[in-house]
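Since the structure comes first, as structure tokens, the remarks are kept for the end.
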Amino acid sequence: MTAGVLVLHPWWGLNDDVRGYAELLRGKGYKVGTPDLYHGRVATTIDGAKALMVELGQNSKGAMTEIDEALTKLSAQADRVAVLGWSMGVGYGWQLAADHADLVRGLVAYYGFGEPDAVRLPPILGHFAEHDEFDSVDDVRRTERALTEHGHVAEFHVYPGTKHWFDEPSRPEFDKAASHIAWERTLAFLDTHLRR
């Protein structure tokens, strides 16, 4: 049985952080897909990332088509597939998981979520910061409850003392200890839903 993970980058683009995690997954024996929604462009500042994300949002249908194609390609190489994303990537991953519940066996979300009332969603593992300017802890818990109430399986973790982007080594908010715990939980989740 072959397992695959579709990795969806945050608003910075397909940078070295994301590529590094993709390589770690390959080292664990996973087939990995890494669609580059910005086509080679990478932002290093918040303003630059916002500009790229806004531009992408103007063609969100095209972006989803690219992601759908990446999922199709990965599914041809792997019997079971999960999606892993950070912030902006989570939004696209959430929609992908809802649209292709027959293919996607799990969703790993690093600080981000979508609509909890989707008809079908795979099991979801969420990693969130305690001090997040985008997603408050109240929002995180509210979404987790809504998912459960809609019959979905969701396990959300909030990491004490962390800020948004705590999992990205190139960011000043990076928290090595929290990132390590989150990664171990991610690997265990993927193993459970893709290899057992």
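Under a 5 Å amide H cut-off, with hydrogens placed 1.01 Å from N, Val5 pairs with Lys31, Val32, Gly33, Ala82 among residues at least 5 apart or on other chains. Here the label points at Thr192 and Glu173, each 7 Å from Cα along the C-beta direction, are separated by 2.6 nm in the simple model. Sequentially through the range 80-91, phi angles give Karplus couplings (6.51, -1.76, 1.60; θ = phi - 60°) of 10, 10, 10, 10, 10, x, 10, 6, 3, x, 5, x Hz, Gly and Pro residues having no value and appearing as x. Label positions at Glu155 and His39, each projected 7 Å from the Cα along the C-beta direction, are separated by 4.0 nm. Accessible area per residue was computed with a 1.4 Å probe on protein heavy atoms; Asp99 scores about 90 Å². Adding -39500 (n - 2.57) for every DSSP H run of four residues or longer, then dividing by how many residues the chain holds, sets the calculated 222 nm ellipticity at -14000 deg cm²/dmol. At full extension, Asp117 and Asn59 could sit 18.4 nm farther apart than now, given 0.36 nm per residue minus the alpha carbon distance.
What is the list of residues in the range 1-44 whose amide nitrogen lies under 18 Å from a point 7 angstrom out from the Cα of Thr72, following Cα to Cβ? In the range 1-44, the label zone of Thr72 (backbone N under 18 Å from the point 7 Å along Cα→Cβ) covers 6-7, 33-37. Counting Lys and Arg as +1 and Asp and Glu as -1 over every other residue whose Cβ lies under 10 Å from the Cβ of Met1, the net charge comes to +2. Sorted largest first, the principal axis extents computed over the alpha-carbon atoms of the chain equal 39, 37, 33 Å. On the basis of the beta-carbon distance and an R0 of 25 Å, Thr148 and Ala101 show a calculated FRET efficiency of 0.90. How large is log10 of I(q)/I(0) for the range 8-72 at q = 0.14 Å⁻¹ when the intensity is taken from the Debye formula with one equal scatterer per alpha-carbon? Per q value, in the given order, log10 I(q)/I(0) is -0.43. In this simple spin-label model, placing a label point 7 Å from the Cα along the Cα-to-Cβ direction at both Arg19 and Asp79 gives a separation of 3.3 nm.
Taken per residue, the accessible surface of the chain reaches 47 Å², heavy atoms only and a 1.4 Å probe. The solvent-accessible area of Thr34, taken with every protein chain present and a 1.4 Å probe, is close to 40 Å².
The values are calculated or read from the model by the stated rules, or taken from the named source; none is laboratory data. Since this is a predicted model, take the numbers as computed values, not measurements. FYI the Cβ positions are ideal-geometry reconstructions off the backbone, even for glycines, and counts take in every protein chain you see. Ligands, DNA and RNA are excluded from the accessible area calculation, which covers all protein heavy atoms including side chains. Shrake-Rupley method; radii C 1.70, N 1.55, O 1.52, S 1.80 Å.
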